[in-house]
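Visitor: Below is a structure I'd like to ask you about.
The values are calculated or read from the model by the stated rules, or taken from the named source; none is laboratory data. All values reported here derive from a predicted model rather than from experimental measurement. For accessibility, only protein heavy atoms count, side chains too; no ligands or nucleic acids. Shrake-Rupley method; radii C 1.70, N 1.55, O 1.52, S 1.80 Å.
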Amino acid sequence: LNGLDKEIYFSGSVNGFVNDLKGEKIKLLFADNTKFYGSVALKGLPDINSTYMHFNVQTLTTNRKDLEKIPTYPFSTKKHLEIPSNIAQLGLVTFKGKFDGYINDFISDGTFNTALGTVFTDLQMHIDTVKDVVSYKGKLASNNFQLGRLAANPDLGSISINSNIKGKGLTLNELDAELVGAINNVTYKNYAYQNITLNGNVKKRIFKGKFVI
């Protein structure tokens, strides 16, 4: 693969034309910790930006270190994915579920297990590579996720949330999102607040809206 000078292990049953491929029992190994098991359908290759993708993921495992080894388009420039440093706190991330859409516009429906806790998603995501902005909408839930460690905030502990979300940004400084739902519990300065309902907007670390506890 152009620009990728790493060894890849691949096995499975693949059939179809290049522009309409289907694969079953796919096993793919990359770098030190990246593993994929499942089935895949790709329609539109060789132009990856216009290719519709369907992944039925039995297991997908990766981490920040491995992701940063993946080259970005155009792949011959020797530039690689840039992953925010705080993502390293997630450790080894394992995903099980489905992925449908294009490389920069897709729906993720599944469960993420991380070193900081478990996150459940049913999100439509769009990546604007020109403005370098990630936007999303859908449902987000977590079970005792260590948000404080991810945000490098020692006062903030774990959070269990079940909410609809629509917004953009992956860091607290970039975050601009509307939230409607419930926080079952969140720990702040060693105190666990419970049964919170919220309907509002988070932007520049400030919440504006309705917050009931």
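Visitor: Solvent-accessible area per residue for region 1-107 at a 1.4 Å probe radius, Å²? Provide the component values of the computation, followed by the final result.
Guide: Numbers: 7040 Å² over 107 residues.
In whole numbers, region 1-107 has 66 Å² accessible per residue.
Visitor: Have a look at His54, His126, His80 and tell me which one the Gaussian network model of the chain (Cα, springs below 10 Å) gives the largest fluctuation.
Guide: Of the options given, His80 has the highest mean-square fluctuation.
Visitor: By the gyration tensor of its Cα atoms, with a ≥ b ≥ c the square roots of the eigenvalues, what is the shape of region 1-97: rounded for a/c under 1.5, prolate for a/b over b/c, or oblate?
Guide: Details: a/c = 1.87, a/b = 1.27, b/c = 1.48.
It comes out oblate by the Cα gyration axes.
Visitor: Which of the aspartates and glutamates could a cross-linker span from Lys131 if the Cα-Cα distance has to be under 18 Å and same-chain partners fewer than 8 positions apart are dropped?
Guide: Reachable aspartates and glutamates: Glu82, Asp105, Glu174, Asp176.
Visitor: Continuing with this model, one more query. Assuming 0.692 mPa s and 37 °C, estimate D for region 74-138 with Stokes-Einstein, Rh taken as the Kirkwood radius over Cα pairs, in µm²/s. All intermediate terms of the calculation are to be shown ahead of the outcome.
Guide: Numbers: Rh = 13.6 Å.
It diffuses with D of about 242 µm²/s by this estimate.
Visitor: Could you state the number of Å between the C-alpha centres of region 151-213 and region 51-94?
Guide: After rounding, the separation between the Cα centres reads 26 Å.
Visitor: Let me ask something else. Which whole number in µm²/s is D for the chain by Stokes-Einstein, with the Kirkwood Rh taken over Cα pairs at 10 °C and 1.306 mPa s? Each step should come with its number before you reach the end.
Guide: On the way: Rh = 18.9 Å.
Here the translational diffusion coefficient equals 84 µm²/s.
Visitor: Still on this structure, I have one more. Show Arg64, Arg149, Arg205 ordered by accessible area, largest first, where the area counts protein heavy atoms only and the probe is 1.4 Å.
Guide: Solvent-accessible surface, decreasing: Arg205, Arg149, Arg64.
Visitor: Please report Rg over Rh for region 101-208, where both radii come from the alpha carbon positions and Rh follows the Kirkwood definition.
Guide: Values: Rg = 13.9 Å, Rh = 14.5 Å.
The Rg/Rh ratio comes out at 0.96.
Visitor: With the full set of protein chains in place, find how many percent of the accessible area of the chain is carbon and sulfur; take the probe as 1.4 Å.
Guide: Numbers: 7360 of 13670 Å².
That fraction is 54 percent.
Visitor: When the helix-only estimate is applied to the chain (DSSP H runs of n ≥ 4, each -39,500 (n - 2.57), divided by the residue count), what is the mean residue ellipticity at 222 nm, nearest 500 deg cm²/dmol? Could you put the intermediate results ahead of the total?
Guide: Working: 2 runs with 8 residues, N = 213.
Per the formula, -500 deg cm²/dmol.
Visitor: Given a 10 angstrom Cα cut-off, can you work out which residue in Asp66, Asp105, Asp32 is the most mobile in a GNM of the chain?
Guide: Taking springs between Cα atoms under 10 Å, the residue moving most is Asp32.
Visitor: List the pairs from Lys22/Lys168; Lys139/Lys204; Lys79/Lys137; Lys78/Lys139 whose alpha-carbon separation is above 25 Å, in the order I gave them. Display every interim value, and only then the final one.
Guide: Details: Lys22/Lys168 33 Å; Lys139/Lys204 22 Å; Lys79/Lys137 29 Å; Lys78/Lys139 36 Å.
Check vs 25 Å cut-off fails for Lys22/Lys168; Lys79/Lys137; Lys78/Lys139.
Visitor: Given springs between every Cα pair under 10 Å in a Gaussian network model of the chain, which of Val180, Val18, Val57 has the largest fluctuation?
Guide: Val18
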